[in-house]
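These notes are about the structure you will find just below.
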Amino acid sequence: MPSVYFHQEDITFILPDENKVIQWIEDVVNGHNHVIHELNIIFCSDEYLHNINTSYLDHDTYTDIITFDQSETSDDLEGDIFISISRIRENAKQFDVLFEDELHRVIIHGILHLMGYKDKTVQEIRQMREKEEACLSLRLFKSRY
């Protein structure tokens, strides 16, 4: 049985439509022929994520997401995805998109990383954006925040 769990660190954030988001994630993963073993999606603040970025990745920058892959095979998905809710809010304003659309884009971005997609080169970034858009189009729900 797939396991997707949502947590919070140092903030209070409850994901509306949690079961629908889980179903969407499972549909995306299954559609890419992967199996979820355990995914932890942790919502946190900019400072919390910045501390992870400096402590574990030696990057002194703010970011919206950090993904730690703990999968044992390329077809299995197991990992922790840390997401800064403050950064998502700022990005949504900056890009003039709805908060929930930006949040879902970032969630699926982390899932795509766990499925092996990269975003270091121009070509990888383009492919990642295309995959994100394709995955977002699979949502059969609209959340209200």
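The values are calculated or read from the model by the stated rules, or taken from the named source; none is laboratory data. All values reported here derive from a predicted model rather than from experimental measurement. Positions of Cβ are generated from backbone atoms using ideal geometry, with glycine treated the same way; all protein chains shown enter the neighbour counts.
If a residue must be part of a strand (DSSP E or B) and either under 13 Å from the mean Cα position of the chain (by Cα) or among the hydroxyl-bearing types (Ser, Thr, Tyr) (or both), how many such residues does region 9-49 contain?
6
For region 67-108, what are the residues that are closer than 20 Å to Asp27 by Cα, part of a helix (DSSP H, G or I) and in contact with a strand residue (DSSP E or B) (Cβ under 6 Å, 6 or more places away or on another chain)?
Val106
Can you tell me which condition Tyr56 does not meet? The list is (1) touching a residue at least 40 places away in the same chain (Cβ under 8 Å); (2) of a type in the set (Ser, Thr, Tyr); (3) over 20 Å from Ile11 (Cα atoms); (4) not in a loop (DSSP other than H, G, I, E, B), and all the others hold.
Answer for Tyr56: the failing condition is (1).
Here are some residues: Glu72, Glu78, Glu38, Glu47. Which one is loosely packed, with under 15 Cβ neighbours inside 10 Å, among the acidic types (Asp, Glu) and at pLDDT 95 or above?
One residue alone meets the criteria, Glu47.
Residues of region 40-80 being touching a Ser or Thr at 6+ places or on another chain (Cβ under 7 Å) and within 11 Å of Leu114 (Cβ to Cβ), which ones?
Leu77, Glu78, Gly79, listed by residue number.
Any chance region 109-122 includes a residue that's more than 21 Å from Tyr5 (Cβ to Cβ), under 16 Å from the mean Cα position of the chain (by Cα), modelled with pLDDT of 95 or more and not in a loop (DSSP other than H, G, I, E, B)?
The answer is no, given that none of the residues of region 109-122 is more than 21 Å from Tyr5 (Cβ to Cβ), under 16 Å from the mean Cα position of the chain (by Cα), modelled with pLDDT of 95 or more and not in a loop (DSSP other than H, G, I, E, B).
Here is a check on your reading of the model: is Glu18 acidic (Asp, Glu) and at pLDDT below 95? Explain how you work it out, then say what you get.
Working: acidic (Asp, Glu): yes; at pLDDT below 95: yes.
In short, yes.
Which members of region 54-69 meet the condition of being surrounded by fewer than 19 Cβ atoms within 10 Å (Cβ to Cβ) and not hydrophobic (A, V, I, L, M, F, W, C)? Spell out how you get there, then give the answer.
Taking region 54-69 and keeping what is surrounded by fewer than 19 Cβ atoms within 10 Å (Cβ to Cβ), we get 54-63, 65, 67-69.
Thr54, Ser55, Tyr56, Asp58, His59, Asp60, Thr61, Tyr62, Thr63, Thr67, Asp69, listed by residue number.
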